[in-house]
1. Could you tell me which of the residues E45, E66 is over 19 Å from I107 (Cβ atoms), open to solvent by 10 Å² or more (accessible area, probe 1.4 Å), out of contact with any Leu (no Cβ under 9 Å at 6 or more places or on another chain) and modelled with pLDDT under 90?
2. Which of the numbered conditions does I84 fail, given that it passes all the others? Conditions: (1) touching a residue at least 12 places away in the same chain (Cβ under 8 Å); (2) in contact with a helix residue (DSSP H, G or I) (Cβ under 9 Å, 6 or more places away or on another chain); (3) assigned to a loop (DSSP other than H, G, I, E, B).
3. Of (1) in contact with a helix residue (DSSP H, G or I) (Cβ under 8 Å, 6 or more places away or on another chain); (2) surrounded by fewer than 15 Cβ atoms within 10 Å (Cβ to Cβ), L38 satisfies all except one. Which?
4. Quick test for you: out of K12, K51, K24, pick the one residue that is open to solvent by 80 Å² or more (accessible area, probe 1.4 Å) and under 21 Å from C75 (Cβ atoms).
5. If you check K29, K18, which single one turns out to be over 26 Å from E80 (Cα atoms), in contact (Cβ under 8 Å) with a residue 40 or more places away in the chain, among the basic types (K, R) and open to solvent by 10 Å² or more (accessible area, probe 1.4 Å)?
6. Of everything in the stretch 87-131 that's aliphatic (A, V, I, L, M) and in a helix (DSSP H, G or I), which residue is modelled with the lowest pLDDT?
7. Within the stretch 87-106, can you find the residues that are without any contact (Cβ under 8 Å) to a residue 60 or more places away in the chain, farther than 16 Å from V55 by Cβ and open to solvent by less than 90 Å² (accessible area, probe 1.4 Å)?
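The values are calculated or read from the model by the stated rules, or taken from the named source; none is laboratory data. In this text the structure is predicted, and so the values were computed from the model without any measurement. In this analysis, Cβ positions are derived from the backbone assuming ideal geometry, glycine residues included, and neighbour counts consider all displayed protein chains. Accessible surface is based on the protein model in full, side chains and every heavy atom, while ligands, DNA and RNA are left aside. Shrake-Rupley method; radii C 1.70, N 1.55, O 1.52, S 1.80 Å.
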Amino acid sequence: MNKVEIKEYLAKYNTQNKINRLAKLYKGKKVAIYGAGLISNEVFENYDLSKLNIVAVADMKFKDVENREFFGYNCIPSEELANIDCDVILVANLKYNYFLNILDTEILPKSKNEKVTVRPLIKLSFRDLFI
């Protein structure tokens, strides 16, 4: 998907309603966002995330960067998700299963966050998976 397609999909997906539901579900919980690519850029730029208690945005692109900031949020390299103080990790990528596999096999095993809740921030619908 390109930037325009992502923007259109997010609008069609009722993204703000989904974010609001996540904010209610995880009220009072510390949330880490995994992924700072096209999806995250569109979501952070165009939607209100203020009701989510976002403690960090994680992405491998922050590994060797000194000034780590993403839309005003603290940024960390992906591997730091193992030890950050969070209750929930929301994967901000449409390839959720790929990133879940990385979390399950490379980042979270035997860490303090091994049992933390991981779910997609934005999830393709069943229909969209085949289009």
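1. Numbers: E45 fails: modelled with pLDDT under 90.
None of the other options fit; the residue is E66.
2. So the condition that I84 fails would be (2).
3. Only one criterion is unmet by L38, namely (2).
4. Values: K12 fails: under 21 Å from C75 (Cβ atoms); K24 fails: under 21 Å from C75 (Cβ atoms).
Just one listed residue meets the conditions, K51.
5. Numbers: K29 fails: over 26 Å from E80 (Cα atoms).
Unique residue meeting the criteria: K18.
6. Per the criteria, the residue is L129.
7. Taking the stretch 87-106 first, the residues without any contact (Cβ under 8 Å) to a residue 60 or more places away in the chain are 89, 91-93, 95-98, 100-102, 104-106.
Checking which are farther than 16 Å from V55 by Cβ leaves us with 93, 95-98, 100-102, 104-106.
If the condition is that a residue be without any contact (Cβ under 8 Å) to a residue 60 or more places away in the chain, farther than 16 Å from V55 by Cβ and open to solvent by less than 90 Å² (accessible area, probe 1.4 Å), then N93, Y96, L100, N101, I102, T105 are the ones that fit.
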